Structures are given as structure tokens and as C-alpha cells.
Amino acid sequence: MEGRLTIDPVAPARPGQARNGGGAPEGWAVFLGSSEVQGGPGGIPIRAPVGLVAGSRGVRPVALDATGGVASAIGPDEALVGVLPPVYPEWLGDRSFLSAHGCRFPYVVGEMARGIASAEMVVQAARAGLMTFFGSAGLSIDEIDRAIATIQGGLGSEARNWGANLIHSPQESHMEMAFAELMLARGVTNISASAFMRLAPAVVYLSARGLTRGPDGHIRRRTHIFAKISRVEVARPFLSPAPEAILGPLVAAGKLTSEEAALARRIPVAGDITVEADSGGHTDNRPLTVLLPRIIDLAKEVAAEHEYEPPRVGVGGGLGTPSALASAFAAGAAFVVTGSVNQAAVESALSNDGRAMLAQASMTDVAMAPAADMFEMGVEVQVLKRGTLFAQRGRELYRIFRTYPSLEAMPEAERRTMEDKILGRPVEEIWSDTKRFFAERDPAEIAKAEGDPKHKMALVFRWYLFMGAQWARSGETSRRADYQIWCGPAMGAFNDWVKGTFLEPIENRTVVQIGLNLLEGAAWAVRAQQLRLAGVPMASENAGFSPRPLR
Ligand SMILES: Cc1cc2nc3c(=O)[nH]c(=O)nc-3n(C[C@H](O)[C@H](O)[C@H](O)COP(=O)(O)O)c2cc1C
């Protein structure tokens, strides 16, 4: 069955238009008795107002005619007691999000490192009116530049509903500034800043560069920062104005004008905060219901201190079904972010083999494993467990790292088992490859490792963790048991929801169909909740939305 998503005469049909970005829902009469209305929970439409009739047998929904009256006869003991307004996916979040970013839906396709959230994924999602971020983390400046050119070629210069990811790179901090310069040079106006524990100059530079005051007195941003956080103490600096200690040196270095710095002192560093609950990849495994309300309150507190509007607060992590989205919006999310579910999409740069594995996952098929980038610190990422042994092998390497001062100090038998059963190669071979890699990228690493055997061990183990992700991307099936695929429980929840529908086969999983179906289903869930609250009995089995092709 062909579903219809584009029947809203008020909301814009194309991204880039911001007509539905604010104001009253003008033209409601247009919807009264609309013949275009499609289905809804229990057959009750979502895109038309619904009358509520109360009588001795309780409350029931009724259709309304073009004048807003009850369309069919009602009983002598019944009376119209209320009208439920239409529910639109476009209106589930903060309407200012849509106008600020030129998108149609309060829905973000989250960045996925090393181009897994590919240029093609960004182009398709943005064309459909979703907000979307290219997975620039872990790529070289040249690779990012090429992807940006592809995206700009595909979307044109008018589209504003996309951006790229500035990832904190403690081991290559020069990359942060180089990335910022590239974004400014190429005119990318949305940046998702993630993994930062504190503000970095590159974030402040991007946030403050190009600030101007409009004729209405409002401060206008050239670049919008989305700060991805999962802790209160990390959120606070992004919710606050940029500190003098960073602004001063940027002005002294000629990167900011003193006018830009003056304006930066009056607004928060980030206009949008992405709260990251239990998600695929780097995660603190916090429950959305605990973290989101706290950060929304914090945004209000900090904004009140500085006397400006609070930044918008959206949320990602664990969103794989319509009711999960609906509950995030109900908890006050300005926008929602998905990640894991998009990795199985056709536009994802993960191999077909890896995508097929994701499509089989249930919600418990995930585990925490050591992160390649911060291995020595014991930082972990959430990965797919089903069909790969990566999590358990990675944890074994971390145990070895904690146990021995060097590779040479390992008992011979244990070292051989590690080479045979985990690394799949002799340590010496891996070390030669590692040296070649760092000779180009960062020769200081080799010098450090040669003087510090524990560091050498970390670099060898990081080779395995890094290659696990490479093998999954390229589909190196001989190393399937070592695939590192970042994934959260949302993937399994999504797989259960789409079972038996057109979205079950991976060839139909486009980032747009995933997004539109989650949004449409969330609108159904909201309608079902409205009906329940109005006293209409609504069994949960009637409330659910089954995926269908939407446009
Ligand atoms: C494969 C994969 C790669 C990711 N890479 C990044 C990244 O490079 N930077 C980042 O900020 N978030 C990254 N994320 C997090 C997503 O952008 C998103 O916030 C998160 O996946 C949402 O939670 P979910 O996985 O439960 O949907 C990644 C997630 C996945 C699944």
C-alpha cells in the first residue's frame, strides 16, 4: 500500500522552505472534512480534526464535516464535547528547529564516523527534509573536502539542512582547527561537535566566526553548533557564552574580530544540544528518560543566568521505533536523532555483509568493547555482538594490556594464543605495518612507542580495533568474527518493528523510508495518546503503525 505523508497544505513540501517553522497553524479549516485524510490509529485519522462525542456509553471519536459540525447522526444522550486537532510529524518537536535549519521534520540523521553516514546518505536525507550530518570523524581533510563537494553538488547552495561532524581528536588536535578552516572555506553552516569534554578553540572559532547583528537587533549565527553531550558538566560550557580564555587568543591570532568576540559573549556557544542517551558507538549508557529532562532544565537555568533564550535540546540514543520517538517528544525533545538504524540503510558505507548482520540483530545483541581511539583510558563503545566476536576479543586485549608491562613480558604460550586466536598475525608484522602508518601520519608516536613498551602494546592492539572497523566496512568476510560494528539496542527494536513489512529486507531500507516511517508512526502514537487522554478506549494493538512506503 502506498502511504501519503505529503498532504499538509500548510507545511512546506520541500526542505529549505521554512513556512512551517513557527506561528499558529493557519488554515485549519482547510483540514475539516478533508477527503485526503489517510489512516490513523484504530482507523481514526491523524491529519484531520476529530470530534469527541460523550454520552452514557462513554466518549467516542466522530468525523467532522466541512463546517466543523458532527458529520453523522449522534444519539439523543450524546453531545460534542471537544475536538482533537490534527497531528503532523512536522509539528512533533520545536517548530523553531525547522525554521532555524531549513528542514521539514524535527529529525536528525546522526553522523557516523569514517563516512558510514556517507555523502549519499546526507544528500538523500536532506532532500527529504530531514536534518543530517556527514560522518567526517576519522577521515582526512582531503576525504572530507571531497565528500563536502559531492554533497554541495547534490543539494545545491541553498540547502541548509545538513552539516558535518567535528570530533574531538585528543591524539591529533591540529585536525580540529584544520577541520574548522575547511568548514568555513566551504561554507558548511551546521557542525555537530562531539566527544569534547571541554570547549576547544576550534569549536569556539566555528561558533563565533561570522556572528553579526541583524536589523532587528538579533544576533545571527553563520555556523550553527550542535553540541553532542551525555553529561551535565560537559553540557554547561556549550550552553554558556564562549569564555574569555579562548576568545582572547582567537582575536589576538586574527581569527576573530573584536566585534565577533563581543557578540559571542552574548549567546551560548551551541544553539542546539544533542543529548546522547544509550546509543551505538561512544556512549555513557544513560537512560534517555533520566538524562533529557535534566539537560532541558539545565539549558533553562544557564540561559536565565545569561538572560538569553535557552538553546534547543534534542535527543538521540535508543530511538528505533515510533513509540520511542513519540516518548522523546513527549519528554520535551526539540528534535530526535537516530544513528544505529541508519547504518543498515542502503546509503550507509558499511559493507553489505555488515548491513545484513545488523538486520538480524535483536535488542540484546549488543555489547560494550574497548574503543580504538581511547583504548589506554579504558573508554568503551557499544557494538554489535551477534555474528562477531569483536567485543569479547577486544576486552581480552584490554585485559592483557592491564596485566603486562609489555608484549615481551607476556608468557610465550599466551602471546601465541593471542596472535593465533585474536590478532590473526604475528605481533612483529603488525608492528611493521603500524610503523609504516605512523611514519606518514605522526612519527612522534613511533619514537614514543620505542621508548615505552606499554605504548607499543597499545598501538599494536589499536591496530586490531581499527582494522575491525575497516574489515566491517569493506566486507572482509574472512575476518567477519573480528568485525567492529557500532550499534545500540535501537537496531534490534527497529528490526522487530519492521518484521514482515517492506522495510524488513535491507534493500528497501533507505535512510528516507526509515526516517519518514518512524516520524509518521510517532504521529500515530501521539494521536493514540490524545484519544486515550480524552477518554476514548484505545487498545495498544490498534495504536501501532506498520511501515509502508511513504513520500
Ligand atoms: C556506526 C556509528 C557511528 C557513529 N559515529 C559517530 C561519530 O563519528 N560522531 C558522533 O558524534 N556520533 C557518532 N555516532 C552516534 C550517532 O550519531 C547517534 O548520535 C547515535 O547513534 C544515536 O543513538 P542510536 O545508535 O541508539 O540510534 C555513531 C553511531 C553509529 C551507530
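Annotations
- Selection over the stretch 366-386 of residues that are in a loop (DSSP other than H, G, I, E, B) and out of contact with any helix residue (DSSP H, G or I) (no Cβ under 6 Å at 6 or more places or on another chain) gives a count of 6.
- Among the conditions (1) within 26 Å of M112 (Cβ to Cβ); (2) more than 16 Å from the ligand (Cβ to nearest atom); (3) without any contact (Cβ under 8 Å) to a residue 40 or more places away in the chain; (4) not basic (K, R), the only one that G271 does not satisfy is (3).
- Subset of the stretch 301-321 that is of a type in the set (A, V, I, L, M) and surrounded by 22 or more Cβ atoms within 10 Å (Cβ to Cβ) - its residue that is farthest from I219 (Cα to Cα): L319
- Counting only helices (runs of 4 or more DSSP H) wholly contained in the stretch 446-551, the ones carrying 1 or more residues that are in contact with a Phe, Trp or Tyr (Cβ under 9 Å, 6 or more places away or on another chain) and free of Cβ contacts under 8 Å to residues at least 24 places away in the same chain occupy 453-474.
- Residue check, P86 crowded, with 19+ Cβ neighbours inside 10 Å, touching a strand residue (DSSP E or B) at 6+ places or on another chain (Cβ under 6 Å), touching a residue at least 24 places away in the same chain (Cβ under 8 Å) and not in a helix (DSSP H, G or I): no
- Filtering S157, S169, S192, S207 for residues that are within 16 Å of the ligand (Cβ to nearest atom) and either under 19 Å from the mean Cα position of the chain (by Cα) or farther than 23 Å from A371 by Cβ (or both) leaves a single hit, S192.
- For the stretch 358-383, the set of residues classified as within 14 Å of R395 (Cα to Cα) and charged (D, E, K, R) consists of E376, E380, listed by residue number.
- Here the stretch 364-408 is the region considered, the condition is being surrounded by fewer than 17 Cβ atoms within 10 Å (Cβ to Cβ) and within 21 Å of the chain's Cα centre (by Cα), and the residue that is farthest from G339 (Cα to Cα) is V379.
- Residue among A164, A149, A128 that alone is buried (at least 24 other Cβ atoms within 10 Å of the Cβ), away from the ligand (no atom under 15 Å from the Cβ) and not assigned by TED's automatic domain parsing to the domain that holds V511: A128
- Tally, over the stretch 106-125, of residues that are near the ligand (Cβ under 10 Å from one of its atoms) and within 18 Å of G316 (Cα to Cα): 8
- Residues of the stretch 122-131 classified as closer than 14 Å to A149 by Cα and under 13 Å from the mean Cα position of the chain (by Cα), total: 1
- Flag not set for V81, criterion: part of a loop (DSSP other than H, G, I, E, B) and among the β-branched types (V, I, T).
- Residue match in the stretch 58-65 (condition: assigned to a loop (DSSP other than H, G, I, E, B) and modelled with pLDDT of 95 or more): no
- Taken as a whole, the condition of being at pLDDT 95 or above and not in a helix (DSSP H, G or I) applies to S406.
- Within the stretch 232-271, the set of residues being in a helix (DSSP H, G or I) and among the small types (G, A, S) comprises A235, A245, G248, A252, S258, A261, A262, A264.
- If you go through the stretch 312-324 and pick out every residue that is more than 11 Å from the ligand (Cβ to nearest atom) and either part of a helix (DSSP H, G or I) or of a type in the set (A, V, I, L, M) (or both), you end up with 3.
- Unmet requirement for A328, which otherwise passes all of (1) part of a loop (DSSP other than H, G, I, E, B); (2) within 16 Å of the ligand (Cβ to nearest atom); (3) buried (at least 22 other Cβ atoms within 10 Å of the Cβ): (1)
- Qualifying residue in the stretch 103-117 (condition: of a type in the set (D, E, K, R) and touching a Pro at 6+ places or on another chain (Cβ under 6 Å)): yes
- Considering the conditions (1) within 14 Å of the ligand (Cβ to nearest atom); (2) surrounded by fewer than 22 Cβ atoms within 10 Å (Cβ to Cβ); (3) not basic (K, R), S340 is excluded by exactly one of them, (2).
- Single match in R462, R551 (criterion: crowded, with 19+ Cβ neighbours inside 10 Å, away from the ligand (no atom under 14 Å from the Cβ) and either closer than 30 Å to E276 by Cα or modelled with pLDDT under 95 (or both)): R462
- Test for I141: is it crowded, with 18+ Cβ neighbours inside 10 Å and either assigned by TED's automatic domain parsing to the domain that holds V269 or in contact with a Cys (Cβ under 7 Å, 6 or more places away or on another chain) (or both): no
The values are calculated or read from the model by the stated rules, or taken from the named source; none is laboratory data. The structure displayed is predicted, hence computed values, not measured ones. Quick reminder, even Gly has a Cβ in these numbers, built from the backbone with ideal geometry, and neighbours come from all protein chains shown.
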